[in-house]
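Shown next, in structure tokens, is the structure this report addresses.
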Amino acid sequence: MRIDKRKFYRNLIRLALPIALQSLMLASVAAGDALMLGKVAQDEMTAVSLATQIQFVQNMFLGAVTAAGAILGAQYWGKGARRTLEDIFNMMLRFCAAVSVLFFLACELMPEQLMHIFARDASLIAIGSSYLRVAGWSYLLTGISQCYLTMMKVTEHVRPGALISSCAVLLNIGLNAVFIFGLLGAPRMQARGAALATTVSRVIELALCVAVCSGASYIRPAFDRLFRRQGQDYRQLRADFGKQCLPLLGGSLCWGVGFTSYTAIMGHMGTDAAAANSVAAVARDLICCMCNGIGSAAGIMVGNELGAGRLDLGKAYGKKLKNISFVIGFLSTALVLAVTPLMVKMVILTDRAREYLVGMMVIMAVYMIGRCVNTVTINGVLDGGGDTLFDMYSLIVCMWLMAIPLALAGAFVFHWSPLVVYACTCLDEVGKIPWVMARFGKYKWVQDLTR
């Protein structure tokens, strides 16, 4: 089916740019932490980078729930079912609030035990624990604000949502400078200052979400139905939500725990390898922002058309977006190579850590092709049509049965160089491209999920 290219690209830019900006702003917080703490000491930067893996795992749970809400929300928005969207909002809120409380308690009650997962150096564990005790308070609010931002994204309020996230991030970066370095009369708190800045910015972000969503055109939680037993239609919607959420949660945990395992493996290979990996991760997250934006936009665009019953158009959109993902991948490869000299000079590293960082950036340049293609195709197009099981299958095979065992063996059995081990951690994204293309071509994702 031929598509209206002008309309297609207008919608893609309208959705992708604000979401990419939002992703960039969120990644900028980690970049700001790394750069500012990198000016203090290598251990401060490394410890905070390792400690934030706790929130990374939390985000896997939150991301699965909000992704399920976005999949169903995009299709029901295309159908025009406002009350159903309120019920989906309620479902997201209940689960995200429970997850946020659990992670908050873990950070407050057992931060040292959490840090032992990622490091063996006593100094890194002490610094990271002090960070988690303060940052844990921000984890209480993250889930709730993400529910609001997700519903804005799928109901054509993507710009206000991106603006809220951007304001919160800019505030976070500004407060980072104040509390880390002790500016404007504030105490010099270093790692704990980064945690305090995050917590304050999360409070502001949630307050802005609630205030903006009070407008008549916005979808808000139906608090009168939040805990009330409802009829058969609601139970069917809940079953549909669970059908999307459980595979997404499985995939998120496979990917999130796997990625955290990569960080833990590099963290146990010495402080130089851990420091280089921390900086490389910041660069990766910043450069992935555009593919994240296009991936999210792909899910919304495909979902809107499928939910409205225009299956042929949704299929045509998916094909076009899949092709765009390869272009974004090669552009990202070039960008990684271009910024490598800049990243090496921006933080204080030992000579060996600097050598590791250069090697990791070159390896990452190849990895970015797979990362961009898979993000847009799997997390965008396939998920937009409800084909959520494939992501979990591919992660189990490519990450857990190939990349992680190889990295573990290289690090602790064969004692390979940190660069070879790092290359092992990048195998999964590149290796599954042929499998992803084969799955895409079966068109199981071309389906209307609404009732």
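In region 176-260, the convex hull through the Cα atoms has an average projected area of 9.8 nm², a quarter of its surface area.
In Å², what does the accessible area per residue of the chain work out to with a 1.4 Å probe?
Values: 17910 Å² over 451 residues.
With the other protein chains kept in place, the chain gives 40 Å² per residue.
Solvent-accessible area assigned to carbon and sulfur over the chain amounts to 65 percent, based on a 1.4 Å probe. For Ala239 and Ala122, the difference between the fully extended length at 0.36 nm per residue and the C-alpha to C-alpha distance is 37.4 nm. Region 410-445 and region 235-295 have Cα centres lying 14 Å from one another. Relative to the longest principal axis of the Cα atoms of the chain, the long axis of helix 42-51 makes an angle of roughly 30 degrees. Here the relative contact order of the chain, from alpha carbon pairs under 8 Å that lie six or more residues apart, stands at 23 percent. All C-alpha pair distances within the chain, sorted into 10 Å bins from zero, spread as 5, 21, 32, 27, 13, 3, 0 percent across the bins. Oblate is the label for region 247-303, because the ratio a/c of its alpha-carbon gyration tensor axes (a ≥ b ≥ c) is 1.5 or higher and a/b is not greater than b/c. Relative contact order for region 335-419: 28 percent, from Cα pairs under 8 Å spaced at least 6 residues apart, divided by residue count. Here the extension length gained between His268 and Arg10 equals 88.2 nm, from 0.36 nm per residue of separation less the Cα-Cα distance. For region 163-320, a Kirkwood radius taken over Cα pairs fed into Stokes-Einstein (10 °C, viscosity 1.306 mPa s) yields D = 78 µm²/s. Cross-link check: pairs Lys7/Lys79; Lys345/Lys432; Lys5/Lys153; Lys79/Lys432; Lys153/Lys319; Lys153/Lys442 evaluated at a Cα-Cα cut-off of 31 Å; pairs beyond the cut-off: Lys345/Lys432; Lys79/Lys432.
Here the Debye sum runs over all C-alpha atoms of region 300-451 as equal scatterers in vacuum, and log10 of I(q)/I(0) at q = 0.13, 0.21 Å⁻¹ comes out as -0.70, -1.21.
Using a Förster distance of 35 angstrom, determine the FRET efficiency expected from the C-beta separation of Ser417 and Leu335, and round it to 0.05.
0.85
Taking only the C-alpha atoms of region 62-147, Rg followed by Dmax gives 17.3, 56 Å. The Arg94 and Tyr218 beta-carbon pair, evaluated with R₀ = 22 Å, returns a calculated FRET efficiency of approximately 0.65. Put a dot 7 Å past the Cα of Asp351, heading toward its Cβ, do the same for Leu226, and the two dots end up 6.0 nm apart. When the Cα gyration tensor is reduced to axis lengths a ≥ b ≥ c, the ratio a/c is 1.5 or higher for region 359-443, and with a/b above b/c it is classed as prolate.
A Förster radius of 22 Å combined with the Cβ-Cβ distance from Glu108 to Phe56 puts the calculated FRET efficiency at roughly 0.75. Mean sequence separation of contacting Cα pairs (under 8 Å, at least six apart), scaled by the length of region 299-451, corresponds to a relative contact order of 33 percent. Binning the alpha carbon pair distances of region 291-353 at 5 angstrom intervals from zero yields the distribution 3, 15, 18, 14, 11, 9, 8, 7, 6, 4, 3, 1, expressed in whole percent. Net length available on complete extension from Lys319 to Ala409 is 28.5 nm, with 0.36 nm assigned per residue and the Cα-Cα distance removed.
Here, region 245-359 is characterised by an Rg to Rh ratio of 1.11, where Rg is the alpha-carbon radius of gyration and Rh the Kirkwood radius. Suppose each label sits 7 Å from its Cα in the direction of the beta carbon; what would the Phe326-Ala438 distance come out to in nanometres? Distance between the two pseudo-spin positions: 1.8 nm.
Model label sites at Leu184 and Val203, defined 7 Å from Cα along the beta-carbon direction, differ in position by 1.4 nm.
The values are calculated or read from the model by the stated rules, or taken from the named source; none is laboratory data. Source: prediction; values computed, not measured. No Cβ is skipped: glycine too gets one built from the backbone with ideal geometry, and neighbour counts run over all protein chains shown. Areas reflect the complete protein model, heavy atoms only, side chains present, ligands, DNA and RNA absent. Shrake-Rupley method; radii C 1.70, N 1.55, O 1.52, S 1.80 Å.
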